[in-house]
Amino acid sequence: MKNKFILLGIALATLSACKTASSVQLAEVKTQKNISINNELKNDEEFVKIIEPYKQKLDKEMNQKISHTNTDLTKQGDNSNLGNLLADYTFDGADEWAKKNLQKNVDAALINIGGIRTTIGKGDILLKSIFEVMPFENEVIIVKMKGSDLQGLYEYYAKTQVNNPVSHLYIETNNGQLTKSLINGKAVNPTQDYYIATSDYLALGGDNMKFFAKGESIPTGIKLRDLFIDYFKKNTEVVPNTDVRLNFIGKK
């Protein structure tokens, strides 16, 4: 009797499956022609006419001169002139904001060399140059940190030996060992609060800068690129600082 029930169940299941399968409709598959995107693809002339006035306006704006430099601004070396310049602009802009909104002074700034996407050649500096240098929508963040927690920042540089630009910091290592660290020309006070300007990307631990997690992040609402544009406009002739801030002795 038990076997009969098992056989009956199998039969019902089979009939149900057949019914379900018979009700399924297969979609008709059609082969479509691929369109290759190359120089042979013709422009949509009507669309080109529509956007042309906007393109001309954008080109005019992007090609406006905002500053000038008598030297190539590059990101090469541990103390690159473009890296130092942009770190200083980050410091100055954040310090101005902090004085107004926090009644505090910013003590130092650091940015990442990878965020500087290209160089600026000698001559006129155009607005589009800054968009090419900084194409990201990163925001300026001020991180409030105890002096005792800044050791993580210095050890990061000692370990990585990466030329991430800094302002108002001096970091010296010898064969990967930290030998000297200063902020605003002074040794760190472990009990003092320090305000470090950086980008939201780094403040959130980007480039493995986990030491920022020990601090309090304060958003400014300022885009790094907008800040750079403002400071290039304020300085009609750019003279970058070439002082040594990162001194990696015995770097391999």
- Amide H within-cut-off set for SER67, under 5 Å, with H built and near neighbours excluded: ILE125
- Query: Hey, any idea what % of the range 109-149's accessible area is carbon plus sulfur with a 1.4 Å probe?
  - Reply: 45 percent
- Item | Virtual paramagnetic centre 7 Å along Cα→Cβ of GLU155, amide N under 14 Å, in the range 202-238 | 209-214
- Query: Ranked by accessible surface with a 1.4 Å probe, highest first, in what order do MET62, MET209 come?
  - Reply: MET62, MET209
- Message: For a quick check: with amide H placed at 1.01 Å from N, whose amide H comes under 5 Å from TYR194's, ignoring anything fewer than 5 positions away on the same chain?
- Response: MET145, LYS146, GLY147
- Once the Cβ-Cβ distance between LYS99 and ASN184 is put in as r, and R0 is 22 Å, what FRET efficiency do you end up with, to the nearest 0.05? 0.90
- Task: Tabulate in residue order the Karplus-calculated ³J(HN,Hα) for the range 224-236, using 6.51 cos²θ - 1.76 cosθ + 1.60 with θ = phi - 60°, rounded to whole Hz; enter x for Gly and Pro.
- Result: 4, 4, 4, 5, 4, 4, 4, 6, 5, 5, 6, 10, 5
- Query: Can you list the GluC sites (Glu not before Pro) in the range 160-240 that are in a DSSP coil and have 15 or fewer other beta carbons within 10 angstrom?
  - Reply: GLU237
- log10 I(q)/I(0) for the range 206-252, Debye formula on C-alpha points only (no solvent), q = 0.19 Å⁻¹, two decimals, reads -1.01
- Convert each backbone phi in the range 52-66 into a coupling constant with the Karplus relation 6.51 cos²θ - 1.76 cosθ + 1.60 (shift: θ = phi - 60°), then list the ³J(HN,Hα) values in order as whole Hz, x for Gly and Pro. 4, x, 5, 5, 5, 5, 5, 4, 4, 5, 5, 8, 6, 6, 10
- May I ask you to give the average projected area over all directions of the convex hull of the Cα atoms of the range 135-220, in nm² rounded to one decimal? 5.6 nm²
- Query: Does a label point 7 Å from the Cα of GLU216, set along Cα-to-beta-carbon, have any residues of the range 187-208 with amide nitrogen under 17 Å, and which are they?
  - Reply: 191-198
- Task: Per residue of the range 214-223, in order, report the coupling 6.51 cos²θ - 1.76 cosθ + 1.60 (Karplus, θ = phi - 60°) as ³J(HN,Hα) in whole Hz, putting x for Gly and Pro.
- Result: 7, x, 10, 7, 10, x, 9, x, 9, 7
- Message: Suppose we look only past 15 Å in the calculated P(r) of the range 37-102. What percent of the Cα-Cα pairs does that tail hold?
- Response: 75 percent
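The values are calculated or read from the model by the stated rules, or taken from the named source; none is laboratory data. Since we're looking at a predicted model, the values are computed, not measured. All Cβ positions, glycine included, derive from the backbone under ideal geometry; neighbour counts span all protein chains shown. Keep in mind that these areas ignore ligands, DNA and RNA; they rest on the heavy atoms of the full protein, side chains included. Shrake-Rupley method; radii C 1.70, N 1.55, O 1.52, S 1.80 Å.
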